[in-house]
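For reference, the structure discussed in these notes is given below.
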Amino acid sequence: MTTKTVAELLSQDVTLQDVTVKGWVRTFRANRFIALNDGSTINNMQCVVDFENFEETLLKRITTGAAIHVTGELVESQGRGQSVEIVVKSLEVLGDSDPETYPIQPKKHTLEFLRKNAHLRTRTNTFSAVMRLRSSLSFAIHKYFNENGFYYMHTPIVTGSDAEGAGEMFRVTGLDAKNPPLNEDGTVNYKEDFFGKETNLTVSGQLEAETYAMSLGKVYTFGPTFRAENSNTTRHLAEFWMIEPEVAFMDLTGNMDLAEDFMKSVLSYVLETNKEDLEFLDKRLQDIEKHLPQAERSPMNLIDKIKFVVDNNFKRVSYTEAIDILRNCKPNKKKKFNYIIEEWGADLQSEHERFLVEKHFKCPVILFDYPANIKAFYMRLNEDGKTVRAMDILFPGIGEMVGGSQREERLEVLKEKMKALDIPEEELWWYLDLRKYGTAVHSGFGLGFERLVMFATGMGNIRDVIPYPRTPQNAEF
Ligand code: 4AD
Ligand code: MG
């Protein structure tokens, strides 16, 4: 008899068969009903024990958290709440769990408490649902690109160029911290370091992805990226996963079309494949929001919000239009924003982005054509000489989900820009080569994977959508 998962057993309509399952006890009620979960679904398998047939010492070991092996007959359930249940014939405890100290008691725990017990938190419904969704979204991403002719490229994690300017970097070194080799002027001599130069953890795979786009055509990366910014917010991690497609001969409009189609596709995939997890998370959010004042409740529940994104066009708005809206909006005039928008050129803070998506447009918004001086050096300069072909996609409840652009493909313009920003040409000689040999219009974007998972699960803190979050002062597990 092969062991089946709970998901497999619940989806079968053949009953009256001998089955065997393994999983962890959620609860054991009235010395009779075991709720068993094995991670394959949000649903538990009810296992019914006739206590007269088992040793009391064995039944005492059926505690919350214990790993057990059950064999019995799958029958239509007598009780409500499940279609089938197992009438237990034999029972084996594979691993005991001390009910006195097991942290995941069958009651409500706070997210903070569960974060401290992140190694066990996927034994709860909320976190198992979130992590199954995370897995499905990853799969949907690879599926989308594979079906659309993209190659999956692995960009380096350790990088020797720190020119992207996306934020502070983490140094990678093999030198002895206490006694590093020094130059005559007292600075550390990185020529003696492992790579013979200063190296860091990457903040983005974009620049390397561009090199492959300019030969393979359509590529994407999906890997970990690292930023040593000290931003202790609910939307920032020091280690996060980013999806970065890069496409030759594609302009900014094509980039927006791609990003929109891509996000709709992966979200509609999970609407289909992860129904039960989404229904659970939807209900969870509604239970939380019941206790909030009306004004703070979200206008749509989770599943409707995802469907809304899948079914409606994103609103495309230029930075200049957005500034006009913001300058004249109530919170700006009444000085309710922390940063008052006074003139064109101001960098948008998350309060402004959220106003645009949540209050003004009430849908995902693609902002494009930003002022050149608040964006990265590689973005293509527009004919006006002051804006660049950048785009950010802003989502309700999240803020910035995607950042991307059409890349500067003109060698001289790019060189000038680098010079103005003190980026040494020697460091990016290979990047400049792309503009020397067969240059062409090309574009791409970066999607913060955890922000997508936040949107799809309704979780409010980015620490709760990645298995082991890395944030300032925290690298436990
Ligand atoms: O806007 P960013 O910095 O763009 C880039 O890195 C480009 N090189 C991407 C490209 O064009 N290929 O980052 C892209 C996205 C953001 O929109 C956000 O969703 C996410 O990455 N992100 C973070 N997510 C979690 N924690 C952080 N600290 C993040 N910083 C950026
Ligand atoms: Mg950005």
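You will find that of Arg470, Arg410, the residue that is open to solvent by 10 Å² or more (accessible area, probe 1.4 Å), over 31 Å from the mean Cα position of the chain (by Cα) and either within 16 Å of ligand 2 (Cβ to nearest atom) or modelled with pLDDT of 95 or more (or both) is Arg410 and no other. Of all residue pairs spaced 6 or more apart or on separate chains, those with beta-carbon atoms under 6 Å, a first member in region 96-114 that is under 25 Å from Lys60 (Cβ atoms) and modelled with pLDDT of 95 or more and a second member that is open to solvent by 70 Å² or more (accessible area, probe 1.4 Å) and outside any helix (DSSP H, G or I) are Asp96/Arg61.
Please note which strands (runs of 3 or more DSSP E) are completely contained in region 11-73 and include at least 1 residues that are touching a residue at least 60 places away in the same chain (Cβ under 8 Å) and polar (S, T, N, Q). Per the criteria, 17-29, 33-37.
Each row is one residue, and each column tells you yes or no for (1) modelled with pLDDT of 95 or more; (2) in contact with a Ser or Thr (Cβ under 8 Å, 6 or more places away or on another chain); (3) among the aromatic types (Phe, Trp, Tyr).
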position	(1), (2), (3)
Thr5	yes, yes, no
Thr20	yes, yes, no
Thr27	yes, yes, no
Asn31	no, no, no
Gly39	yes, yes, no
Ile42	yes, yes, no
Cys47	yes, no, no
Glu52	no, no, no
Thr64	yes, yes, no
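So that you can scan it fast, the table gives a plain yes or no per residue for (1) in a loop (DSSP other than H, G, I, E, B); (2) more than 10 Å from ligand 1 (Cβ to nearest atom); (3) outside the structural domain of Glu289 (by TED's automatic domain parsing); (4) over 27 Å from Asp257 (Cβ atoms):
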residue: Gly403; (1), (2), (3), (4): no, no, no, no
residue: Glu412; (1), (2), (3), (4): no, yes, no, yes
residue: Lys415; (1), (2), (3), (4): no, yes, no, yes
residue: Ile423; (1), (2), (3), (4): yes, yes, no, yes
residue: Glu426; (1), (2), (3), (4): no, yes, no, yes
residue: Gly446; (1), (2), (3), (4): no, no, no, no
residue: Phe477; (1), (2), (3), (4): yes, yes, yes, yes
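Screening Glu383 against (1) modelled with pLDDT of 95 or more; (2) out of contact with any Leu (no Cβ under 6 Å at 6 or more places or on another chain); (3) within 16 Å of ligand 2 (Cβ to nearest atom); (4) closer than 25 Å to Trp344 by Cβ leaves a single unmet condition, (3). For the criterion of being surrounded by 15 or more Cβ atoms within 10 Å (Cβ to Cβ), aromatic (Phe, Trp, Tyr) and under 20 Å from Lys359 (Cα atoms), Tyr269 fails.
Here are some residues: Asn313, Asn332, Asn301. Which one is in contact (Cβ under 8 Å) with a residue 24 or more places away in the chain and not hydroxyl-bearing (Ser, Thr, Tyr)?
Matching residue, one of Asn313, Asn332, Asn301: Asn313.
Restricting attention to region 181-208, report how many residues are within 30 Å of His442 (Cα to Cα) and either of a type in the set (Val, Ile, Thr) or open to solvent by 50 Å² or more (accessible area, probe 1.4 Å) (or both). Total satisfying the criteria: 4. Among the residues of region 420-430, are any of a type in the set (D, E, K, R) and within 16 Å of ligand 2 (Cβ to nearest atom)? There is no residue in region 420-430 that is of a type in the set (D, E, K, R) and within 16 Å of ligand 2 (Cβ to nearest atom).
For (1) in contact with a helix residue (DSSP H, G or I) (Cβ under 6 Å, 6 or more places away or on another chain); (2) farther than 26 Å from Val266 by Cβ, each residue gets a yes or a no:
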{"site": "Leu133", "(1), (2)": "yes, no"}
{"site": "Ile157", "(1), (2)": "no, no"}
{"site": "Thr173", "(1), (2)": "no, yes"}
{"site": "His236", "(1), (2)": "no, no"}
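Across region 454-465, the qualifying residues are those that are closer than 14 Å to Ser128 by Cβ and among the hydrophobic types (A, V, I, L, M, F, W, C), and the one among them that is farthest from ligand 1 (Cβ to nearest atom) is Met459.
Do you know which of the residues in region 193-209 that are outside any strand (DSSP E or B) and hydroxyl-bearing (Ser, Thr, Tyr) is farthest from ligand 2 (Cβ to nearest atom)?
Result: Thr202.
Kindly evaluate Phe28 against the criterion of being open to solvent by less than 70 Å² (accessible area, probe 1.4 Å), in contact with a helix residue (DSSP H, G or I) (Cβ under 9 Å, 6 or more places away or on another chain) and aromatic (Phe, Trp, Tyr). Against the criterion (open to solvent by less than 70 Å² (accessible area, probe 1.4 Å), in contact with a helix residue (DSSP H, G or I) (Cβ under 9 Å, 6 or more places away or on another chain) and aromatic (Phe, Trp, Tyr)), Phe28 qualifies.
The values are calculated or read from the model by the stated rules, or taken from the named source; none is laboratory data. Nothing here was measured: the structure is a model prediction, and the numbers come from that model. Every residue, glycine among them, receives a Cβ derived from its backbone with ideal geometry; neighbour counts consider all protein chains shown. With ligands, DNA and RNA removed, areas are computed over all heavy atoms of the protein, side chains included. Shrake-Rupley method; radii C 1.70, N 1.55, O 1.52, S 1.80 Å.
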